[in-house]
Amino acid sequence: MGVSIVRFHKELRLADNPLLQDIGGERLLCWYHFDTRLLEANRYGLKAMGPVRLHFLLESLMDLDQQLAQLGQRLYISVGDIHTALERILQAFSASQLLQSRAVGWEEQQSQQRLLMGFERLEHNLHESFSLFEAADLPFELRELPDSFSKYRRLLEKHEVQPRAPLKAPSQLPPLPDNASFATVTAVGLMTLPAFISHYGDQLNAASEAVEFRGGERAGFTHLSGYFASRRACRYKTTRNAIDDASASTRFSPWMAQGCVSSRMAADALAGYQKDFGVNDDNDWIYFELLWRDYFYWYALKWQRRLFRFRGIHQKGPLTAFYPGRFQAWCQGSTPWPLVNAIMKQLNRTGFISNRARQIAASALVNELSCDWRYGAAYFQQQLIDHQVGANWGNWQYIAGVGADPRQGRHFNLEKQTAMFDPKGEYIARWQGDMGCQPLDAEDAADWPISPPVDK
């Protein structure tokens, strides 16, 4: 067999990467395609990827390229139309096999399906690279995935389904194609990482100062190992809801979202910790959260387009609409609620907020501001460093009452949440949540500006 192509996408790692275990060719081209539409305005007037996540992605690609170089390989990148890029690769290298991970999001699934149909002359190998389990491990067909997480978890427990062990990183890989020189890859529209980074460098200057997470498999593994070495897992369930405490939760999600660390690697590290120090409610809750993430992976695959529809999976829309002024105030952190403002300002600055903060902000947009939940999900997609399509859009459906929640929505009392999670106002002060608070609506029914009340 000739040349195999491994298409990296959201499994930017060597360890636990099934794509690298199934290579049939004597030569190998490692390929990453960047869809420039991610940086263009979508139907919500937002981008699918903001500068913070782009910065993290580029660091992850650099790390992957450096690790591949140690095995005699390189990572080559294409931009623009993926079909054109692949056609040029095939013309240059006469490849016969394409290995890639199964796409999760609806648009990604459609793009992947067109790729499979458009290049039938290739041997296509699709793998599950993002989940704890293979589809064959589940005690039900995908179409029978339960509509609530609790039912899903109980079925797994009943059938004693366990995560698969992570795969070891390869110690060697096939060499590059004979004619894969820098001149050749440039001619076929592929770029080396320095050229790619230079192309998008202007968008990354501000982000580089704000990002507190370093991208890449090695940084992710260091964080994963350091977390369990610190013994913080012994109090995870107790502390996980803290609104802004770096030591309170695992913070694995930025690396898991780009596939620098897999769910199976995290579950395996947890199992090792529990073997050494025992199982308790606190550390076992980490596995519970990994199951939640996995549930939303299968949820996205099952519901496909319904994951993004206003009426959700139950075909019953919430009593909300789109109010541009309210949505803008929420995005900017200038609502009447200091806690919500602090959350949004932290998100805008760093690209990361805690799970509790995400729930509070989402509830405020849906319930207090009566805004279409999809705009909130799209804004989170743009801003979050750890955006993952199933978890983000599935959780927004959960809050809006159109998703996997038997209670049909969650409404958080903002005064109670402030008293519980920021009783001294330290978080609000840190992120200036009480600065710039505005009335709920700045215009009356005739679109005349409403003046804010004057203190006397």
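Any read-out appearing in this document is the output of simple, stated calculations on the displayed coordinates, not a laboratory observation. Everything numeric in this text was worked out from a predicted model, so none of it was measured. Reconstructed Cβ throughout: ideal geometry from the backbone, glycine too, with neighbour counts over all protein chains shown.
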Under the classification rounded if a/c is under 1.5, otherwise prolate if a/b is larger than b/c and oblate if not, where does the range 49-135 fall, given a ≥ b ≥ c as square roots of the Cα gyration tensor eigenvalues? rounded
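For Lys168 and Gln315, what does the FRET efficiency come to when R0 = 60 Å and r is the distance between their Cβ atoms, rounded to the nearest 0.05?
Working: r = 45 Å, r/R0 = 0.76.
My answer for the efficiency is 0.85.
What does the C-alpha gyration tensor say about the overall shape of the range 264-343? Classify as rounded when a/c is under 1.5, otherwise prolate if a/b is larger than b/c, or oblate. Walk me through the numbers on the way to the answer.
Numbers: a/c = 3.68, a/b = 1.66, b/c = 2.22.
Here the range 264-343 falls in the oblate category.
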Could you give the length gained on full extension between Leu440 and Thr84, defined as 0.36 nm per residue of separation minus the Cα-Cα distance, in nm? 123.3 nm
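Dividing the alpha-carbon radius of gyration of the chain by 2.2 N^0.38 Å (N being the number of residues), what value is obtained? Each step should come with its number before you reach the end.
Working: Rg = 22.9 Å, N = 456, 2.2 N^0.38 = 22.5 Å.
That works out to 1.02 for the chain.
Please give the calculated 222 nm ellipticity per residue for the chain, where each DSSP H segment of at least 4 residues contributes -39500 (n - 2.57) and the sum is spread over every residue; nearest 500 deg cm²/dmol?
Values: 19 runs with 201 residues, N = 456.
So the helix-based figure for the chain works out to -13000 deg cm²/dmol.
DSSP loop chymotrypsin sites (Phe, Trp or Tyr not before Pro) in the range 127-174 with at most 11 other Cβ atoms within 10 Å of their Cβ, which ones? List each step's numbers first, then the result.
Values: sites: Phe130, Phe133, Phe140, Phe149, Tyr152; in loops: Phe130, Phe133, Phe140.
Here no loop site has a sparse enough neighbourhood.
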Highest to lowest packing among 295-303, 271-279, scored as the average C-beta count within 10 Å: 295-303, 271-279
Once both label points are put 7 Å beyond Cα along the C-beta direction, the His159-Gln432 separation in nm becomes 5.3 nm
Spin-label pair Gln21/Ala229, simplified geometry with 7 Å Cα→Cβ offset, distance in nm: 2.7 nm
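Taking square-rooted eigenvalues a ≥ b ≥ c of the alpha carbon gyration tensor, is the range 1-150 rounded, prolate or oblate, where a/c under 1.5 means rounded and, failing that, a/b exceeding b/c means prolate?
Details: a/c = 1.42, a/b = 1.15, b/c = 1.23.
Rounded, since a/c falls under 1.5.
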Tell me, what HN-Hα J-couplings in whole Hz come from the Karplus equation 6.51 cos²θ - 1.76 cosθ + 1.60 at θ = phi - 60° for each residue of the range 14-25, using x for Gly and Pro? 9, 6, 6, 10, x, 4, 7, 9, 10, 6, x, x
Would you list, by chain and number, the lysines whose Cα falls below 19 Å from the Cα of Lys237, excluding same-chain residues fewer than 8 positions away? Lys275
